[in-house]
1. Look at G292 and say whether it is crowded, with 23+ Cβ neighbours inside 10 Å and either out of contact with any Leu (no Cβ under 6 Å at 6 or more places or on another chain) or without any contact (Cβ under 8 Å) to a residue 24 or more places away in the chain (or both).
2. Pairs only if they're at least six apart or on different chains, beta carbon under 6 angstrom, first in the range 303-319 and under 18 Å from I233 (Cα atoms), second of a type in the set (S, T, Y) and modelled with pLDDT under 95; list them, first residue then second.
3. Take the residues in the range 203-220 that are in a loop (DSSP other than H, G, I, E, B) and over 22 Å from S153 (Cβ atoms), then tell me which one is nearest to the chain's Cα centre (by Cα).
4. Looking only at the range 166-195, which residues are modelled with pLDDT of 95 or more and farther than 24 Å from Q243 by Cβ?
5. For the range 166-182, give me the residue count where each residue is more than 11 Å from S216 (Cβ to Cβ), of a type in the set (A, V, I, L, M) and either touching a helix residue (DSSP H, G or I) at 6+ places or on another chain (Cβ under 6 Å) or crowded, with 24+ Cβ neighbours inside 10 Å (or both).
6. I need every pair where a residue in the range 63-75 that is more than 19 Å from I102 (Cβ to Cβ) has its Cβ under 7 Å from the Cβ of a residue that is of a type outside the set (A, V, I, L, M, F, W, C), sequence separation at least 6 or different chains.
7. Any residue at all in the range 234-250 that is part of a strand (DSSP E or B), of a type in the set (S, T, Y) and in contact with a Pro (Cβ under 9 Å, 6 or more places away or on another chain)?
8. In this structure, is A242 surrounded by 19 or more Cβ atoms within 10 Å (Cβ to Cβ) and either out of contact with any helix residue (DSSP H, G or I) (no Cβ under 6 Å at 6 or more places or on another chain) or within 18 Å of V166 (Cα to Cα) (or both)?
Amino acid sequence: MNGLSIASLLLILTTHTTICRCEDGFITWGDLHLGRTTSFDGDGGDRVIVVDKRGKGDSSTVRGALDMVPDGNPARVKIFLFPGIYREKVVVPITKPYVTFIGNDSANTVISWNARASDRSSDGGYVGTLDSATFAVEAEYFCAKGITFENTSPNAKPGAKGMQAVALRVSADKAMFLDCRILGSQDTLFDHNGRHYFLDCFIQGSIDFIFGDAKSLYQECTLHSVATSYGAIAASQRNSTAQDSGFSFFHCRLDGHGSLYLGRAWGRYATVVYSFCELDGIVIPQGWDDWGDPSRRRTVWFGEFECTGRGAYSSERVPWAKSLTYDEARPFLDLNYIDGDQWLRL
C-alpha cells in the first residue's frame, strides 16, 4: 500500500470487489489484501468499506463502518482505514463474522482508547479487564493487517490494583493478525480464547502483556517491554489438561527495558514455549514465575528451544522449566499448533 497514491487508493477502494470470495471455513491471503476488480453481485462477493476521517469514504468512523456489515454476514467484508488516529472503542460482535480490517500502514493508522479496569462504567460499577479493551473481536474468521490497536493508559507499577488496560481482546475462534502493532502497558493483549495466528506483529507492554486462555502462534513478532522495573510477557490461563490452550512464540524477538519473566503461571497448567527466539538481556535469569503458588511448578509446561541472545536459556533458569528437545518442541513449531490446516490457507 505504501507505493500507492491517495488517488490510486480512492480509485481502488470506492468500488466493491469480488476477486476473493470467502472460502467457507478458511482464512486466505486474499482476505488480507485489497483487490482491483470492480464488480459486486451482492451474493457472496467481497465488499470494501472505506473509513476516512475527512469524510471522503463510506464512513468517517470505525464503528460506523462496522455498522454497515449485516448481521449473519456470509462473505468476506474488508474495511479499509485511511491514515489517522481513530479515538474509538470498538467491538466486532459475534453476529458479524468474516470481517477484515486493513490499514494504510500500522505506523499511521491507529485505533486508540484510554480505559482501565478500575474506571467507572455507566452503571456505576467498574469497567473490568474484559471491557477495558480498545478493540474487541467476538466474531469468527476475523483478520487485521497494518493497524495499530492502542490503549493509552499510563504504565502501571507492579502490584498496582485495577490498572489492567487492554488494547486488543480476541474472544473468538479463528483470527489472524498481520503486521499490526498492539500497544499498551499492563495486560495489553487479552488473548482470551480460540485459535489465533499473529504474524510479524509488534506487541508492547510491561506486566503480563500477553495473557488469556487462547491457543495462539506468534511468529516473527517483536515483544517490546516498557516495564519500569520488572514485569512479564506471557500469562497463560490454562487450568486443566482438558483445556487445549497455550502460547507458542516462534522466531520472535524480545527487546526493550526493565526486567522480565518469560511467563507466569496464571493457570495451574499454563503452557508457554519460546522457539528460535532472540531474547535480550532484560530476561530475568530465572526465566519463569509460579504466580506465588509452588504447587504449579509440577503442572506447568514452560520451555525454550534453540533461543539466542543474552537472555536465552541459562543455568540459572528455574529447574521446573524445560530446555526442550526437538521432539518436545516440535508440536509448537508451525501452524499445526493451532490446527492451521482446518482454518488457514496461506
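1. Spelling it out, it is not the case that G292 is crowded, with 23+ Cβ neighbours inside 10 Å and either out of contact with any Leu (no Cβ under 6 Å at 6 or more places or on another chain) or without any contact (Cβ under 8 Å) to a residue 24 or more places away in the chain (or both).
2. E304/Y313
3. A214
4. Passing the criteria: A167, L178, D179, C180, R181, L183, G184.
5. 5
6. Note: pairs meeting the criteria are D71/T95; D71/K96; G72/T95; P74/G44.
7. yes
8. It is false that A242 is surrounded by 19 or more Cβ atoms within 10 Å (Cβ to Cβ) and either out of contact with any helix residue (DSSP H, G or I) (no Cβ under 6 Å at 6 or more places or on another chain) or within 18 Å of V166 (Cα to Cα) (or both).
The values are calculated or read from the model by the stated rules, or taken from the named source; none is laboratory data. Note that the structure is a prediction, hence the values are computed from the model and not measured. Virtual Cβ from ideal backbone geometry, glycine too; neighbours counted across all protein chains shown.
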